[in-house]
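Everything on this sheet refers to the single structure shown next.
The values are calculated or read from the model by the stated rules, or taken from the named source; none is laboratory data. A quick note: this is a predicted structure, and the numbers were derived from the prediction, not measured. Backbone-built Cβ (ideal geometry, glycine too); neighbour counts: all protein chains shown.
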Amino acid sequence: MLSEKARTRARSLGVVGAGFCIAFATATSANAHVVYEDEEVWANTDSTKCMYTYSEVSHGGRGGFTKTQGHAGMNDSGIGGCIFPWQRPAGQIIVGYQYMKHDGSKWHVCRELMHGIYNTQTSGSLTVSYDFGVAPPCGGGYYGTKAGSGVYYGGSWYGKNVPVWSGQHYIEP
């Protein structure tokens, strides 16, 4: 028969071990399934104003996930010497994406939202994302997001014709 001290120690080790397994499983899977790029797509001549596009592809709910963000000023990691945040009136930030699938030899558009989504209130950023649920929309394989964003400034649009590629990610069928 185990002493009370030995039983307490065994229970403690079991709880610590279970906690470690849960932490390892959730941390590993969450970090391993996101591929993204965040790039400056426009800056004015003195670099006080700029536009960044963030492009992401991941598993989401297992069937794939796409995310595009346009942010005026510094990117989310604080890189860049531009105004942060650079607030823009409604209708002066636009985002859109193409969710691409590789067929083994070239990339094809699987889903897209390229007509653009505009900010509806004063903001320094705008995000559009979509989770495709439990099944990839164009079957299993390699997917990527080609994202675009732009900012209206001084009577012209800037950055919106500079696509940012997320990189590729395999989504199981």
**Q.** Counted residues, the stretch 152-173 - those being within 24 Å of THR122 (Cα to Cα) and polar (S, T, N, Q)
**A.** 2
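Taking LYS106 as the residue in question, decide whether it is of a type in the set (D, E, K, R) and loosely packed, with under 15 Cβ neighbours inside 10 Å. If you could, list the steps in order and put the result at the bottom.
On the way: of a type in the set (D, E, K, R): yes; loosely packed, with under 15 Cβ neighbours inside 10 Å: yes.
It is true that LYS106 is of a type in the set (D, E, K, R) and loosely packed, with under 15 Cβ neighbours inside 10 Å.
With SER149, SER156, SER125, SER166 as the choices, which residue is modelled with pLDDT under 95 and either polar (S, T, N, Q) or more than 30 Å from ASP46 (Cβ to Cβ) (or both)?
Details: SER149 fails: modelled with pLDDT under 95; SER156 fails: modelled with pLDDT under 95; SER166 fails: modelled with pLDDT under 95.
Being modelled with pLDDT under 95 and either polar (S, T, N, Q) or more than 30 Å from ASP46 (Cβ to Cβ) (or both) holds for just one of SER149, SER156, SER125, SER166, which is SER125.
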